[in-house]
Amino acid sequence: MPKLYPIVKFPDPILTTPAAPVAEFDTPGLHALIDDMFASMYAAAGVGLAAPQIGLGQRLTVIDCSTGEDPAQKLVLINPVVTRRQGKQTGEEGCLSVPGFRADVTRAMAVTVRAQNARGEWFEAAGEELLARAIQHEVDHLNGILFLSHLSTLKRDLIKRKIRKLQQDGEW
Ligand code: NI
């Protein structure tokens, strides 16, 4: 049975701390962690989950824009670097660490990312539209950046105020 991790919520400082590179590959621990991250992401109905969101400051993220419907869409990115960005898209975005809040974010329409897999092999993946958005959102997480950082100050402060109110009411 996979382990389901609770998702760390804003404003936990691990979410705004750049994660450290993964150095050990092909270990039973890493393979289990990846399986558990997919399971935790599906349980939370997300399309992406980065290790800092489960309290681990490591440059590892899992993505599946099919939300578990199509195994071919499962993507594991370790130590990823976005090497190409093309075009622009603006669309509504949310984050499992900021539940209940969505906002328009402008990002590149297409990206290429270079990353390592669970065995430590480097590969390149390209994505457009939703997949490109997910890759950029998740790589941001590894750099300690939340989608809130891409909003106007006004919009960001409004969401932060609402979260503080939820915290005070014990609902966050
Ligand atoms: Ni997120």
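Look at the alpha carbon pairs under 8 Å that are at least 6 residues apart: their mean separation over the length of the range 13-168 gives a relative contact order of 24 percent. When MET109, MET37 are compared by accessible surface with a 1.4 Å probe, the order from highest to lowest is MET109, MET37. The mean of 1/r over all pairs of different alpha-carbon atoms in the chain, once inverted, gives a Kirkwood hydrodynamic radius of 16.4 Å.
Between the amide H of ARG102 and any residue lying 5 or more places away or on another chain, no distance stays under 5 Å, with hydrogens modeled in the peptide plane. In the chain, a dipole from Cβ-located charges (positive for Lys and Arg, negative for Asp and Glu) runs towards its positive end, and of MET37, ALA108, THR83 it is ALA108 whose Cα lies farthest in that direction. Element breakdown for the chain at a 1.4 angstrom probe: carbon and sulfur atoms account for 52% of the accessible area. Note on GLN89 and LYS74: their simple-model spin labels are 2.3 nm apart, each label 7 Å out from Cα toward Cβ. For the range 124-135, backbone phi angles converted through the Karplus equation (6.51, -1.76, 1.60; θ = phi - 60°) give residue-by-residue couplings of 10, 10, 10, x, 10, 6, 4, 5, 5, 4, 5, 4 Hz, Gly and Pro being listed as x.
Based on the alpha-carbon gyration tensor of the range 84-125 and its eigenvalue square roots a ≥ b ≥ c, which shape applies: rounded if a/c is under 1.5, prolate if not and a/b is larger than b/c, or oblate? Oblate shape, in that a/c is at least 1.5 and b/c is the bigger or equal ratio. Close amide H pairs (under 5 Å, H built 1.01 Å from N) link GLY48 with ASP64, residues at least 5 positions away or on another chain. The sum of -39500 (n - 2.57) across all DSSP H runs of n ≥ 4, divided by the residue count of the chain, sets its helix-only mean residue ellipticity at 222 nm to -9000 deg cm²/dmol.
Heavy-atom accessible area, probed at 1.4 angstrom with all protein chains present, ranks GLU121, GLU138, GLU24 as GLU24, GLU121, GLU138, highest first. Secondary structure note: in the chain, about 95% of the DSSP beta bridges are antiparallel. Couplings 3J(HN,Hα) for the range 99-111, derived from phi with the Karplus relation 6.51 cos²θ - 1.76 cosθ + 1.60 (θ = phi - 60°), are x, x, 10, 10, 7, 5, 10, 8, 9, 5, 6, 9, 9 Hz, where x marks Gly and Pro. Computed from backbone phi, the HN-Hα couplings of the range 156-165 come to 5, 5, 4, 5, 4, 5, 5, 5, 4, 5 Hz, rounded to whole numbers (Karplus: 6.51 cos²θ - 1.76 cosθ + 1.60, θ = phi - 60°; Gly and Pro given as x). A 1.4 Å probe run over the range 51-100, with the rest of the protein chains in place, finds 46 Å² accessible per residue.
Between amide H atoms placed 1.01 Å from N, distances below 5 Å from ALA20 occur with GLN58, ARG59, all of them 5 or more places distant or on a separate chain. Of the listed residues LEU75, LEU154, the order by accessible area with a 1.4 Å probe, largest first, is LEU154, LEU75. Take the Cβ atoms of ALA125 and SER149, set R0 to 22 Å, and the FRET efficiency comes out at 0.40.
Across all directions, the average projected area of the convex hull around the alpha carbons of the range 79-172 is 6.9 nm².
The values are calculated or read from the model by the stated rules, or taken from the named source; none is laboratory data. Since this is a predicted model, take the numbers as computed values, not measurements. All Cβ positions, glycine included, derive from the backbone under ideal geometry; neighbour counts span all protein chains shown. These area figures cover heavy atoms from the full protein model, side chains too; ligands, DNA and RNA do not enter into them. Shrake-Rupley method; radii C 1.70, N 1.55, O 1.52, S 1.80 Å.
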